[in-house]
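Heads up, the thing below is written out as structure tokens.
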Amino acid sequence: MKFGLVLKELHRSENDLAHHLLVISEQHKVDHEIYHLARDLARWSQQHVRDIAAIAGSYGEDLDPEPRGEAGLMETLREKGSEMVGRRPETGMLLLRDLRELYLRACGVSADWELLAQAAQGKKDQDLLGLAEKCHPQTIRQMKWANGKLKESATQVLVS
Amino acid sequence: MAQIDRIAEPWGTRTPYGSGDEWPVRVDTHLAEGLAPEDVDAWVQTASLLHSNGDAMDIAVKDNRIVGVRGRAEDRVNHGRLGPKDLYGWQANGSADRLTRPLIREGGKLVETDWDTAMQRVVDRSKALLAEQGPSALGFYTTGQLFAEEYYTLGTIAHGGIGTNHVDGNTRLCTATAAEALKESFGCDGQPGSYTDVDHADVIALYGHNVAETQSVLWTRMLDRLAGPNPPKIICVDPRPTPVAKAATLHLAPRPGTNVALMNAILHDIIANGWIDREYVRAHTVGFSDLEKEVRKYPPALAAEICGVPAEQIQEAARIIGHAERLLTTVLQGFYQSNQATAAAVQVNNINIIRGMLGKPGCGILQMNGQPTAENTRECGADGDLAAFRNWSNDAHVKDLARVWNIDPMSIPHYSPPTHVMQMMRYAEDGSIRMLWVSGTNPAVSLPELARVRGILKQERLFLVVQDIFLSETAQLADVVLPAATWGEKTGTFTNADRTVHLSEKAVDPPGEARPDLDIFVDYAHRMGLKDKDGQPLIKWHDPESAFEAWKECSRGRPCDYTGITYSKLRGGSGVQWPCNDENPDGTERIYADGKFWAHPEYCETYGRDLITGAPVDPSEYKALNPEGKAIIKAAEYVPPHELPSRDFPLQLITGRTLYQFHTRTKTGRAPELQAAAPDVWVELSADDAGTYGIAEGDLAEVETPRGSVRARVRVSGIRPGVLFLPFHYGYWDTEAGHEPDGAGRAANELTITDWDAASKQPIFKTAAARITWVAGGEGPSPAPTTTASAPVGDFPQEARTKGIASALSDEAGSTEGGMR
């Protein structure tokens, strides 16, 4: 039984995804849809972190229910930096790099949820299956958002 | 014939009628002072260009000048009636400050030139950018106020000739969510309802739709039902005490930004009580179980907390809607320009869908438009979509459009969704869009966060072309200004919010060297040498009627089928509703009549988007979900606004419009009766907040958000406590500074946030955190109209109430004078 391990990994990867979404939001404040949506979508992962922690005790893992904190002072610095470079063409390439990274991370989280769901089905564990059914669809939406943004942004950045 | 001051009485005299009866005729006329109908040389057919209702009218001409207007009794839309903007707005055409010659920037100043020089400058820059960077360097931003022929020409040039994906209209600001909500629910744009549904409905629910001010003649129709036997119940959702709210059976005033929570709670009760048509849902829809599951999380008690509306009111709304036999539903800016615009508007669709109330008399949805020709911007591809509701992610549709234009499908950009205007501004900001051609709109006043917008438009590296009839705030920043003809000076067609197509004929010559927008676009195409794949000119038409015939061919077999319409069919008589073709030679009053939709995967305009993230739905996913093309029921969770009130900014700011002005007042501000009725900006706040902040009616106050400040005289009104309202019409063209604030700001968009709905890309104008501070005492009431949603509360001097200047007297005539009350 390796449920604890899977939960621990999910807890880590969701925390990581939430943090990455917040960092992208801060770094691309001049791209307003990225800024606002990345923050909204980070909240989904933060809630997943809480949900995972709430159930983990039953599987022998003590996981922190509090998502990793927001960046605080660094946030302000990055936002200012973002505003200053907003009129330079290099920001487009940075955006593509960050969206690509985000997409891959979200894919990783999605794979983790699949592992958990498979295990839960094998063990007929309704609680874990319920958790995966609640969270995994949102991970897929995060993935599709990152992928959609990547496609939408790529042409202008790469041909201009 | 009676005389009436239509500034003081905007909706005129009641002509009551009962359910199922014909709306009586009332012909409204306004002529220049001293003129009688017999003095008029000619009456020339058109419809209103100052709102989306499509009021049909005739222009009175004398000595090659427009001297007045008269409503067309035989038209299905207005039965002869006109609204205040229709009656007085025509005078702007004759303003002395019309643009009459092209202008180019020389040594930092705009100077007059000839058409050859101005067009050559535009063409030279276009060609240089195409050679250096390609089509991604060029963007086109148009309006909701040109004609179908002009949009189709512009869309063909941009998509088929230049090959740029950067095409949008200012319909993005007013009607993008209407289009998106219809696409999400029905797979395609196209208004399900018809204005005649007002004649039959037993419940009319208006969501964020102050119809009394935005489509005043449609409200007149509703008022006449309310004054007649068996009147409909009215439900109004609006944070302001609009004329609709005052006439309503039930008024809900939710906290700005919480519409999805409110709609989910109403749906919660409708479903929980079984007030649904299960057979219709089973036969004609997909997705119901998702909705059932989602709205279960929104009991009225929870939504009451989120929305600040009593749970009993939510339950009562659900009960009235749930018992309606003929439910007409309408939606406008209170939903479209607010947080979660598309998600909220889609939940409104869901109500009619699950109640099976579509396509029957009295049962309809009107996802309204803001502007007169917004529907054509959408149909003809000038909002970035492919012409005639073709699906950019369906290769067969792209190929078919390439066939119509006789070009290679690869020439039509369809690798990603079209670039909406807010993204175009971002590309101009990062320097990758280097030429922006703005036609018939004024982004320097109408886009959010104006300091940013001005900063982008002023950049040296951006070549800005502005095509307009006045030297607007935006035109003042241009490198080339092209003087255009407008309504009454050119011929073309346009389509209102209920799919009614009208012909608008040329009545007088344009001033000076001003040219019709169509001629300007065609000239550009020829000068650019845009060709089809056989080396023939891409634009094969040369005047309005030949452009219309080309557009008809493009629309053949698509939902917005115009093939049965001709100019001669539109002359005389009434406007015609599309689709109009061999099967429906007289047009189509209601679509979706038998649970049949345009949502089949091979036919639909779009596969939709995630309502929260905006991510496009994959074609294969859509095909799996909706293989037979049924109506799509989409659920959405409530997400709070991105900017919430804080200690520093404790209030919520919403911006909006007034009955007497249109957009940035380029026309209405030049019509004396309208300008006098709403002469300057004001800010509305509740009596509660007035007490808290020590501010009284007429005081000068400063409204601030993190983005800027505006000074305005205060109207203490019945608005929801905690909410401020500013009209967005007032910019700077009639101030010393010309295009920007000189000291205190006046334009509401100095304050708005750069944020948009992820699905429709419509900017959010109605959810900013703000504060208000007293600046100085006033010497009398604020300049806000008293006849409308900005009506004052408390003691108010009678002499300061809104009334017309002497020339505001208009004529009203009933079909049977005795029937008038």
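Inspection of region B:722-738 identifies no residue that is surrounded by 24 or more Cβ atoms within 10 Å (Cβ to Cβ), modelled with pLDDT of 95 or more, within 14 Å of another protein chain (Cβ to nearest Cβ) and in a loop (DSSP other than H, G, I, E, B). Answer yes or no as to whether residue B:671 is closer than 30 Å to residue B:97 by Cβ, in the same structural domain as residue B:785 (by TED's automatic domain parsing) and in contact with a Pro (Cβ under 9 Å, 6 or more places away or on another chain). No: the conditions fail for residue B:671. Counting only helices (runs of 4 or more DSSP H) that fall entirely inside region B:617-719 and contain at least 1 residues that are among the charged types (D, E, K, R) and without any contact (Cβ under 8 Å) to a residue 40 or more places away in the chain, the qualifying elements are B:619-625, B:687-693.
All told, residue B:49 meets the bar of being modelled with pLDDT of 95 or more, over 26 Å from residue B:231 (Cα atoms) and surrounded by 18 or more Cβ atoms within 10 Å (Cβ to Cβ). Of the residues making up region B:558-573, those that are more than 19 Å from residue B:191 (Cα to Cα) and either outside any loop (DSSP other than H, G, I, E, B) or of a type outside the set (Lys, Arg) (or both) number 7.
Remark: pairs (first residue in region B:361-387, on the phi > 0 side of the Ramachandran plot; second residue aliphatic (A, V, I, L, M) and at pLDDT 95 or above; Cβ separation under 8 Å; 6+ apart in sequence or on different chains) = B:362/B:201; B:362/B:327; B:362/B:328; B:381/B:167; B:381/B:387; B:381/B:388; B:384/B:167. When restricted to residues that are over 26 Å from residue B:646 (Cβ atoms) and either within 14 Å of another protein chain (Cβ to nearest Cβ) or part of a loop (DSSP other than H, G, I, E, B) (or both), region B:754-785 contains 12.
Checking the structure you have, find out if any residue of region B:265-281 is more than 21 Å from residue B:323 (Cβ to Cβ) and part of a helix (DSSP H, G or I). No, region B:265-281 contains no residue that is more than 21 Å from residue B:323 (Cβ to Cβ) and part of a helix (DSSP H, G or I). Here the condition is being outside the structural domain of residue B:606 (by TED's automatic domain parsing), in contact with a Leu (Cβ under 7 Å, 6 or more places away or on another chain) and surrounded by fewer than 24 Cβ atoms within 10 Å (Cβ to Cβ); of B:694, B:708, B:718, it holds for B:708 alone.
Could we say that residue B:799 is more than 14 Å from every other protein chain (Cβ to nearest Cβ) and either farther than 30 Å from residue B:340 by Cα or aliphatic (A, V, I, L, M) (or both) here? Yes: the conditions hold for residue B:799. The helices (runs of 4 or more DSSP H) located wholly in region B:330-449 that include 1 or more residues which are within 14 Å of another protein chain (Cβ to nearest Cβ) occupy B:341-354, B:421-430. Answer with yes or no whether residue B:599 is of a type outside the set (Asp, Glu), more than 14 Å from every other protein chain (Cβ to nearest Cβ) and not in a loop (DSSP other than H, G, I, E, B). So residue B:599 does not fit the description; no.
Those strands (runs of 3 or more DSSP E) of region B:94-212 in which at least 2 residues are aliphatic (A, V, I, L, M) and surrounded by fewer than 24 Cβ atoms within 10 Å (Cβ to Cβ), considering only elements entirely within it, cover B:103-106, B:109-112. Residue A:152 - would you say it is within 11 Å of another protein chain (Cβ to nearest Cβ), of a type in the set (Asp, Glu) and without any contact (Cβ under 8 Å) to a residue 24 or more places away in the chain? Here the answer is yes, as residue A:152 does meet what is asked. Against the numbered list (1) within 14 Å of chain A (Cβ to nearest Cβ); (2) surrounded by fewer than 15 Cβ atoms within 10 Å (Cβ to Cβ); (3) farther than 23 Å from residue B:262 by Cα, residue B:644 comes up short only at (3). For region B:647-655, the condition of being within 28 Å of residue B:769 (Cβ to Cβ) and either modelled with pLDDT under 95 or surrounded by 24 or more Cβ atoms within 10 Å (Cβ to Cβ) (or both) holds for at least one residue.
The values are calculated or read from the model by the stated rules, or taken from the named source; none is laboratory data. The structure displayed is predicted, hence computed values, not measured ones. Here Cβ is always computed from backbone atoms with ideal geometry, including for glycine, and neighbour counts include all displayed protein chains.
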